[in-house]
Amino acid sequence: MSDQSSNPLASVMDGLKSWARINSPWVIHYNSGSCNGCDIEILATLTPRYDLERLGVKLQGSPRHADILICTGPVTRQSKERLKRIYEQMPSPKFVVAVGSCGTASGAFRGCYNICESIGDVIPVDVYVPGCAPRPEAIIYGVAQLLEMIKSGAPSAEMRKAEEPAAVEG
Amino acid sequence: MSLSLHPLIVLLFFPGGLFLLGSGMFYEWIDRKLVARYQNRLGPRWFQPLADVVKLLAKEEIIPQGVHPGLFIILPVIALASALTAALYTPLLGLQPYYSFQGDLIVTLYLLSVMTLSLGLAGANSINRFSLVGATRTITQLFSYEAPFMLALLGPAIAAGTWRIAGINEFAGQSLWMILTQPIGFIVALIGLMGKLELPPFDAPEAETEIVAGALTEYSGRGFALFRIGKNVELVVGLTLVSAFYLGGLMNPLEFVLKTLGLLLVMAGLQSLFARLRIDQTVGLWWRMGTLVALLQLLAIVIGRALPGLF
């Protein structure tokens, strides 16, 4: 980062990369145990009414092709390992958007014996979209916030996590 | 029209290299935009394919466990290279192809198949079950559409009496449009092209609702980007071939743009009109219908050419 100013070519390349990332966010959708309410809203977001393809958003089936993991639900203990695995299968740079009250702070399921509090406890989350369930406009706003963050060059949750000392597994 | 260019320019800018990459992305955008408009959406912005490719190139490439790393890295390069090479023999922009010899039609068709073959190998190289199913379907589809597509392109070749693409292009420009004289061949060629490019309704090899992303499930970053560009180049080459043969030849850039875009309009319409066929339905359609009909067409042309000599 420090030698950016000294090398004009590198700064141009960085600009190009971040322009491409902002204009082509491919998403993958994972339900880690939510009631399906948020998932219906996410699918509604991708329908022709809101048409996210005009902003370059494409739903991908494979984690290897995706940039943004849109995740719902309070992460049941059953799906914790799957969620981690899907996140680790994505190539960096990768970003996570947690959708719904459950993903943010376990919502209606708070205190249940079979959940891990929130998505943020399992994988690094960049943007939380609260609501039960959030409207498609709110989800689009959340993704737009994430794109603003990429544009400003702020470190993503993935990068911040990498800088932290390794935590002991609970 | 013909141009004489330095070989390096031919390789790097026109008709190879930059021109093909640019036009490939442009045609992909037109295709996606048209499908979006048919579905009553706004569709992507004009720079969308470029942003996708740059982003993929800038991403991390994960080489998964269980693959042969050398093959994993080299297959996308082979796919793109064969698609780019195929373009050297086609009348891009309505200009004379830079390289032309007797039989280059067959070479071009095989180079286009190498792209699909490396796609299948890329899937079979992986231990991912979705990749394997995708690879099986890709190769199955290759065997089903290849024969009718070839027969459909042989029709104009036999009518023109030459195996040079440039010669057939010239012949098509001087005679009646072959879409009128050989309508069955045109339909088979158009649908064969859609099968080649794995566009809906022939997208069973990459059916994302069943097998995630087919053969390319494990590819990320650079490899995926190269396969995408290769497919775009194949789209341009395929459109050029079919419109040169069946839509009265490509003699100048304006004709090239109008005819290929007209063909793309029809193809995008067919894409949004039909739902995906199962792989066994695809094979059945090609072998029971496509091949037989194309053979009949070919027989009619051969008889039509032989008859005047008999009497």
- line: Assertion target for B:72, B:256, ordered by fewest C-beta neighbours within 10 angstrom first, is B:72, B:256
Test item: Cα-centred dipole of the protein assembly as shown, Lys/Arg +1 and Asp/Glu -1 on Cβ, debye: 600 debye
- prompt: Which shape class, rounded, prolate or oblate, goes with segment B:87-235 when its Cα gyration tensor gives a ≥ b ≥ c as root eigenvalues, a/c under 1.5 marks rounded, and past that a/b bigger than b/c marks prolate?
  reply: prolate
task: State log₁₀ I(q)/I(0) for the protein assembly as shown at q = 0.11, 0.12, 0.14 Å⁻¹ as given by the Debye formula over alpha-carbon point scatterers of equal weight, solvent excluded.
output: -0.94, -1.08, -1.36
Gaussian network model of chain B, springs between alpha carbon atoms under 10 Å - residue of B:23, B:144, B:82 with greatest fluctuation: B:23
query: Normalised by the residues of chain B, what does the relative contact order come to in percent, with Cα pairs under 8 Å and at least six apart?
result: 27 percent
- request: Would you please give the residues with an amide H less than 5 Å from that of residue A:96, counting only those at least 5 places away or on a separate chain, with H modeled from the backbone geometry?
  value: A:69, A:126, A:127
query: Tell me, what HN-Hα J-couplings in whole Hz come from the Karplus equation 6.51 cos²θ - 1.76 cosθ + 1.60 at θ = phi - 60° for each residue of segment B:26-35, using x for Gly and Pro?
result: 4, 5, 5, 5, 4, 4, 5, 5, 5, 4
message: Placing unit charges on C-beta atoms (Lys and Arg positive, Asp and Glu negative, everything else neutral), compute the dipole magnitude of chain B about its Cα centre in debye, rounded to 20.
response: 360 debye
- prompt: What ranking of A:72, B:108, B:85, B:209 emerges when the number of other C-beta atoms within 10 Å of each C-beta is taken as an exposure proxy, fewest first?
  reply: B:209, B:85, B:108, A:72
- prompt: Considering every residue in A:58-68, what mean count of other chain Cβ atoms within 10 Å of its Cβ is obtained?
  reply: 6
statement: With Cα springs under 10 Å, the Gaussian network model of chain B assigns the largest mean-square fluctuation among B:155, B:185, B:284 to B:284
message: Report the Cα centroid-to-centroid distance between segment A:43-88 and segment B:137-154 in angstrom, as an integer.
response: 35 Å
field: Neighbour-count order for B:293, A:12, fewest beta carbons within 10 angstrom listed first
entry: A:12, B:293
query: What number comes out for the charge environment of residue A:21, summing +1 per Lys or Arg and -1 per Asp or Glu over other residues with Cβ under 14 Å away?
result: -1
query: About the Cα centre of segment A:22-149, what is the dipole size in debye to 20, counting +1 per Lys and Arg Cβ and -1 per Asp and Glu Cβ, all else neutral?
result: 300 debye
field: Surrounding net charge for residue B:261, when Lys and Arg each add one and Asp and Glu each subtract one, Cβ distance under 15 Å
entry: +1
- prompt: Dipole of segment B:7-305 (Lys/Arg Cβ +1, Asp/Glu Cβ -1, origin at the Cα centre): which of B:265, B:126, B:187 lies farthest to the positive side?
  reply: B:265
field: Residue mean of other protein chain beta carbons inside 10 Å, B:208-216
entry: 3
- prompt: With θ set to phi - 60° and the Karplus curve 6.51 cos²θ - 1.76 cosθ + 1.60, what are the ³J(HN,Hα) couplings of segment A:119-124 in order, to the nearest whole Hz, using x for Gly and Pro?
  reply: 5, x, 6, 9, 10, x
message: Output wanted: per-residue J couplings in Hz (rounded whole) for segment A:90-99, from phi through Karplus 6.51 cos²θ - 1.76 cosθ + 1.60, θ = phi - 60°, x for Gly and Pro.
response: 6, x, 7, x, 10, 9, 10, 10, 8, 10
- prompt: Are any of the pairs A:94/A:151; A:94/B:33; B:55/B:231; B:33/B:196; A:84/A:161; A:84/A:151 more than 24 Å apart by Cα-Cα distance, and if so, which?
  reply: A:94/B:33; A:84/A:151
statement: Residues other than residue A:154 with Cβ under 11 Å of its Cβ, Lys/Arg counted +1 and Asp/Glu -1, net out at 0
task: Go ahead and set up a Gaussian network model of chain A, Cα springs under 10 Å, then flag whichever of A:149, A:90, A:13 fluctuates most.
output: A:13
task: Note the per residue figure in Å³ for the convex hull of the C-alpha positions in chain B.
output: 133 Å³
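Values in this text are rule-based calculations from the coordinates and carry no lab data. Everything numeric in this text was worked out from a predicted model, so none of it was measured. Virtual Cβ from ideal backbone geometry, glycine too; neighbours counted across all protein chains shown.
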